[in-house]
Amino acid sequence: MLSFGVAAFEAGNRAPLETFEANLELLPGATADEKTMAWWEKPERKAAWEACRKNPQKPELAMKNFVNWVDTTCERKDGPKASPVFVAYPAGFDFTFVYWYMIRFAGRSPFSFSALDIKSFAMAALGIDYRETTKRNMPRRWFDGSPHTHVALDDAIEQGRLFLNILDDVKRRS
């Protein structure tokens, strides 16, 4: 994992409550995957590559800071602590990496095993086959123009807003 960005949202609010991002130093002995590096080499991804290599941190520090950030962000002054849910598109990819890094370097996951996949949620909302559930087949009203830059924090905010838009749409129809 090279970098990650996270945006904490509350239902009904499109502005993130808090954000967190970190670029990571490479793990000792890690080698680059050829296909992944070919993906990064596309001209439209140059800025994202440069962004994810600025000021990398040791994974131990970044993950401990991240877990602490999740805990602090979930604290409420006027009630019980919120239970965080990891939401991503695709959660099966993003959560696997983030979970492994949290366990390896911070010793725990504040999400437990709670990960919600936006694509699966969209599939249920649309009533279509999983393989048909692509962004081009989703209603335009679910997208608010947030950029898809492949910069970790930009993409986290985009995904959070997409999820909330789908959630609002489902609630309106129920």
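Rule-based calculations on the coordinates, nothing more; no lab input. Here the structure is a predicted model, which is why all the values come from computation and not from measurement. FYI the Cβ positions are ideal-geometry reconstructions off the backbone, even for glycines, and counts take in every protein chain you see.
The figures follow:
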item	result
Whether the chain is rounded, prolate or oblate, judged on the alpha carbon gyration tensor where a/c under 1.5 counts as rounded	oblate
Label-to-label distance, nm, for residues given as D71 and K135 (7 Å Cα→Cβ offset)	3.5 nm
Rg followed by Dmax, in Å, when the range 1-67 is reduced to its Cα trace	14.5, 44
Spin-label model distance (nm) - W100 vs F113, 7 Å beyond Cα toward Cβ	1.8 nm
FRET efficiency for R53 and T19, using Cβ-Cβ distance with R0 set to 22 Å, rounded to 0.05	0.65
Computed FRET value (nearest 0.05) for S146 with T36, which takes r as the C-beta separation and R₀ as 30 Å	0.80
Cross-link pairs K42/K171; K35/K58; K81/K171; K81/K135; K46/K135; K64/K171 - those with Cα-Cα distance over 30 Å	K42/K171; K81/K135; K64/K171
Selection from M37, W69, P147, by position along the positive dipole direction of the range 3-173 (Cβ)	P147
DSSP H segments from the chain that extend 18 Å or more along their own axis, Cα-based, with Kyte-Doolittle mean of 0.0 or above	91-106
Protection-proxy order for peptides 104-111, 34-41, 165-172, 17-24, each taking the mean of Cβ atoms within 10 Å per residue, highest first	17-24, 104-111, 165-172, 34-41
